[in-house]
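Data block below; observations after.
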Amino acid sequence: MFSTKKAGDISSAFSFGVKDELPAHYKDLKNQLRPSNIQEAWDRLIDVYEKESQEIQKAGSNAVPQVEYKDIEANNGSFPDHIVKAIRKTGCIVVRGVFDREEALGYKQQVKDYISKHPGIKGYPADDPQVWELYWTKGQVAARSHPNFVAVSNAINKIWHASDETAIDLSTNVAYCDRLRIRQPGDTSFALGEHVDGGSVERWEDPEYRKCYQHILNGEWERYDPFDATHRVDAVMDMYNCSGTLTFGRVHQKFAKNGRSFQGWVSLSDVKSPNGGTLKVCPLIKETTSYIMMRPLLSDLKDSSDMGGSRPGSQQLINEEQHPHIIKTMVTVPEVHPGDCVFWSADTVHAVEKECRNPTDSSVFYIPVAPLCAINSKYLRRQRDCFDGGYPVHSTPADFPGNHCELEFDDRAKPEDLTNLGRLGMGYTRFQETANMTEGQKQAINIANSHLFE
Ligand SMILES: [Fe+2]
């Protein structure tokens, strides 16, 4: 029924260690984009970067802001102002107690039982999976539409803004069905180097995506706003079919994916920090994005096609040689407990610790945040069809490799398991306009309803 994407795993989206020279047109592109004041802008950036980096290194994990879920609830579903400010500066947040501890541990047990009941489920690495190619366990489906998780998703989407005409509704979040990690103590196989999701060369190459970074490319990085979604909705973030996910925008017609405002996960374990085998982030968003965008335009790279860690068909990689300040500024997220969530913005540099030295497994459900916009409603239709038919979400075209593990499992979650909130998030219920919506919000809702119900 569905054509399927090539089988693979979570490692498919990266090109660590690849050194081949890029096509010559990247050199021409850089010549066109390079502002005349690049060196002055860079010098100002490095001045600020070094100061901020020292503070972050001193603070360690505490440089990542933290908030209790109940403080969002008490603030009418919004982050307190000082937390909004902290997220805008760092690009990341730990939200504690989104799920009850027992609830989160229950989800993990359910998944472990499912895995033991069904030998042969694929994952990465193949011989001893730490990341499982599972999308439809009952625990995952329940967690995605849990009222507290939906409330946090709505709060975090409000960190972003867009022009009134932009076809996005940041007040409505939709479910996004990703995988899960059960990383065992001692594991060294599931380590990911520093990278940014949402494509790589496309940030310079696609004219619309480039507009998001126009201030930086004008040599005025101080004016760059990392949370302006206006040009992200129509940006082409995947020109070369990278197996990975996007921030908001589009892909070339033959590929179709989902867009996220924040990446995220819910912890299912007590995970120590550092060395719990967990996430590392660079908690400084505006300056880090400016660094990445300017780096290939500097004098040492300007006469080559080198794009500073960007390669077609891979996520943006960050390396010691070209991005030493960023590497130095990486910190492990704070200790987390079952039911805590971590979110990091679409452009945040992140990595996974090399070794898991946690006393227990270090486990998460990956659940990102995805506001309503054309790419997400189109994806939602396909995701809903896959869920209806019992097909994995990764049927082509989609974000994930085509491993049809769950097709025959009668104990996977089904549409009838969804709550009303779950039905809305999975696209089974029409989205409604409300008073005071902008033209862009209304447009996003109309587009979604036509993708889902026509
Ligand atoms: Fe990533």
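The table below gives the values:
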item	result
Positive minus negative residues near Arg203 (Lys, Arg vs Asp, Glu; Cβ under 10 Å)	-3
Surface accessible to a 1.4 Å probe, per residue, for the residues of the range 10-370, Å²	37 Å²
Relative contact order %, the chain, counting alpha carbon pairs below 8 Å whose residues are six or more apart	27 percent
Cα centroid of the range 155-220 to Cα centroid of the range 308-340, whole Å	13 Å
Antiparallel DSSP beta bridges within the range 10-370, as percent of all bridges there, nearest 5	80 percent
Estimated FRET transfer efficiency (Thr188, Lys112; beta-carbon r; R0 30 Å; 0.05)	0.90
Given charges at Cβ of Lys, Arg, Asp, Glu: the range 10-370 dipole, positive-most of Gly120, Leu284, Tyr49	Gly120
Estimated dipole of the range 258-412 in Debye, rounded to 20 [Cβ of Lys and Arg +1, of Asp and Glu -1, Cα centre]	480 debye
Peptide ranges 282-288, 124-130, 358-364 listed from the most packed, as the mean C-beta count within 10 angstrom indicates	282-288, 358-364, 124-130
Three semi-axes of the equivalent ellipsoid, the range 10-370, Cα gyration tensor, whole Å, largest first	32, 23, 20
The chain, accessible surface, carbon-and-sulfur percent (1.4 angstrom probe)	48 percent
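The values are calculated or read from the model by the stated rules, or taken from the named source; none is laboratory data. Here the structure is a predicted model, which means the values were calculated and not measured. Cβ sites come from the backbone with ideal geometry, for glycine too, and all protein chains shown count toward neighbours. Just the protein is used for accessible areas: all its heavy atoms, side chains included, with ligands, DNA and RNA removed. Shrake-Rupley method; radii C 1.70, N 1.55, O 1.52, S 1.80 Å.
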